[in-house]
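Take a look at the structure set out below.
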Amino acid sequence: MTIFTNLSQFITGWRFATFVIALCVFMTLILTAILLIPTSETGLGAFATDFKTWCFGYDPATGSFEWGYVAVMLLNPLILAAFVAIVWAQPIGRALQRRKWAMISTVGVALVVAGSMGASFVMLGPSKVEATQLPFPAERLRTELTPPTFELTDQTGERVSLDDFKGEVVLLTAIYASCHTACPTIMVQARRALNSLTEAQREDVTVVAVTLDPENDTPERLAEAAVAHQVEAPEWRLVTGEPDEVNRVLDEMSVSRRTNPDTGVIEHSNLFAVIDRDGKIAYRLTLGDRHDTWLSTAVRTLVNEKTELQAATADTRKRGESSAHK
């Protein structure tokens, strides 16, 4: 019983309350510091970029944030600290009068714990180094799979079919409008792939994102999602349709998915199917640092195939003209 008595006294006493309040404040300061760290491709900046993307709804392509996420992340610890301060006001007040140095030591312990947690975030966070060490194995990964056929409706109300993009490169993926977990990262990674191209190259690339939630994602909702992700047609086509038809397309894309019965969140695989100019799936990639780099290279490789083909055709034509002159 002594252990439980001591534990009860600790939880109801000023030390526990002081520790919790200090820890919440320090964690808020750490989160604020991460929010202000400049983004980069390596080191601390790379960690900050990934952390802000997942936790603050950050879009590296535009530098914008989902400020609702930011407010939740920063205010929640402060709200908890305020609640503890109110509930434990009397023991904290007595300690401030009689045991100031003991309180300072407790705050110091909270600082050490918060610092350790912050350091673990950085050490356990993803690194960009691995992505730069492995070159994109274009030939080894190349496939000639047939993508699903469909005719769905995009966010502008226009009908969309993959046949519309014959002779172009298509980045086919799957998201849904109310997704706040992996889908923003999917959009960011696709945007980075497009941003790696020249303006002329981008004219030959279209992103087609099939909804994972056809029961709720109307063209109007997808239009709102397009605005939130700062993308526009005709370069970005967010498509939906009858649930049976959309689910058939997703099944043929091999996108696994299930709705969590407790949260209502659609848990799904993250897929990029990069379709070449002949209408075949050339590469299948996913999220992550390595595939982030590979996706940009894959799209650029397929776009440049047109230039190589044109060069070969021009060379053949030139040889023919030379033979004719002789």
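Every number in this text was worked out from the coordinates using simple rules, so none of it is lab data. The model shown is predicted, which means the values in this text are computed figures rather than measured ones. Virtual Cβ from ideal backbone geometry, glycine too; neighbours counted across all protein chains shown.
Here's the list of aspartates and glutamates a cross-link from K52 could span, going by alpha-carbon distance under 18 Å and ignoring same-chain residues fewer than 8 apart: E41, E66, D289, D292.
Of V231, S196, L162, which is farthest on the positive side of the dipole of the range 150-258, counting Cα position, with +1 on Lys and Arg Cβ, -1 on Asp and Glu Cβ, and the Cα centre as origin? Farthest along the dipole direction, towards plus: S196.
Which whole-number percent of Cα pairs in the range 206-263 have a distance greater than 15 Å? For the range 206-263, the fraction of Cα-Cα distances above 15 Å is 53 percent.
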